[in-house]
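Q: Below you will find the structure I want to go over with you.
The values are calculated or read from the model by the stated rules, or taken from the named source; none is laboratory data. As the structure is a prediction and not an experimental result, all values here were calculated from the model. Here the Cβ positions follow ideal geometry from the backbone for every residue, glycine too, while neighbour counts run over all protein chains shown.
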Amino acid sequence: MSARLKLVATSCVALLATWAFALDGSSAKASEADAEASEPAAAGPLVSEVSRGPVALSVELLPRAPRIGDLLTLDIGVTSEAGVEVLMPEFGEALGRFQIVDFVPSETIDADGRTVARQRYRLQTPASGPQRVPPIAVEFVDRRPGERPAPEGTDAYELLSEVLEFEVESGLAEGASLELLAAKDPLEPRSRGGAWWLGLLAVLGLGAAAAPFAWRAYVAQRARKAMRSAFDVARAELDLLLARGRPQAGEMDPFFVELSAIVRRYLEARFQLRSPEQTTEEFLESMSASPDLVPEHQALLRDFMRRADLVKFAHHVPDAQGVEDSIAAVERFLEESRESDLEEPSARPEVVAHA
């Protein structure tokens, strides 16, 4: 009889333990689910969304609680109805307090026929503490039938985002002391022993070992200077193209293909950008990351490349003024970005006429 009682007691204890374990597991899972549900709210971006008539503006900033040294991603998105002309912010507008690391613009058409224009910036914060992204301004003209293009007395409607305020955490560990330590004692002066001649011998030995390499570098530099610079080559190619005369309506495509090829070859020789092997979008991304191209030249090239793509891929036929504007943009970029007298010219010995 006692053996049966022991068996029943053991079974009850096992059932109670299993039940307690199940309750503990379910509560732990519920806690994890609550944490996961609250995490997206804390990790989500700072967002400002405003709209006016046929245009909606969205500005998002990630991360919302950065530490000093983190890169910020700022997305500016504008969705507009068909027939509405949107003027996106100029490059870097209202972002003067941040260092712009990368910039990628894009434009698409959604399933409802609306235009979705975006500008994505990657920014570096200047300091820790409270920071803010000022209001981003977007202008638009309503060219839909029966609608007023702009408010009376103005050229366009204006849409402003809200200010995005955030805190940049410092790099100090939490609870670290802010007290400055006292300066250490000054170092003792170095001993000037009588072994100065050993240093002289070492310098002479290094000079003798480096002499052959210095001579080779001198000869190589002379050879590079004997070659034509990237600017000279590109200028000669452009003059050769323009000597054929301005293109007629049926000659726009080959003309703009060669004009953009001149620019791409110049960028490769001058700035080592592998632009001839890239699509326009890939080139614009690599150009944005190049420290050698100033923002003004990036904007100039971006506008020229898009006009050339319209001709090459959308069969757009520009008027005479459009052709002159494209030629002037190329000439201006070549002149303003050419090598200075202190730089070594790129090694391109001759001009090759391209079909």
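Q: Of all residues in segment 135-154, which are within 11 Å of E85 (Cβ to Cβ) and either outside any strand (DSSP E or B) or free of Cβ contacts under 8 Å to residues at least 24 places away in the same chain (or both)? Let's see the steps before the verdict.
A: Pass one, segment 135-154, residues within 11 Å of E85 (Cβ to Cβ): 139-144, 149-150.
Passing the criteria: R143, R144, P149, A150.
Q: Given the conditions (1) of a type in the set (S, T, N, Q); (2) modelled with pLDDT under 90; (3) more than 30 Å from P66 (Cα to Cα), and given that T115 satisfies all but one, which numbered condition is not satisfied?
A: (2)
Q: For segment 244-285, what are the residues that are among the small types (G, A, S), part of a helix (DSSP H, G or I) and surrounded by fewer than 14 Cβ atoms within 10 Å (Cβ to Cβ)? Break it down into steps so the answer makes sense when it comes.
A: So in segment 244-285, the residues among the small types (G, A, S) come out as 245, 249-250, 260-261, 269, 275.
After this cut, where a residue has to be part of a helix (DSSP H, G or I) as well, the list is 249-250, 260-261, 269, 275.
Once the filter is applied, which keeps residues that are among the small types (G, A, S), part of a helix (DSSP H, G or I) and surrounded by fewer than 14 Cβ atoms within 10 Å (Cβ to Cβ), segment 244-285 yields A249, G250.
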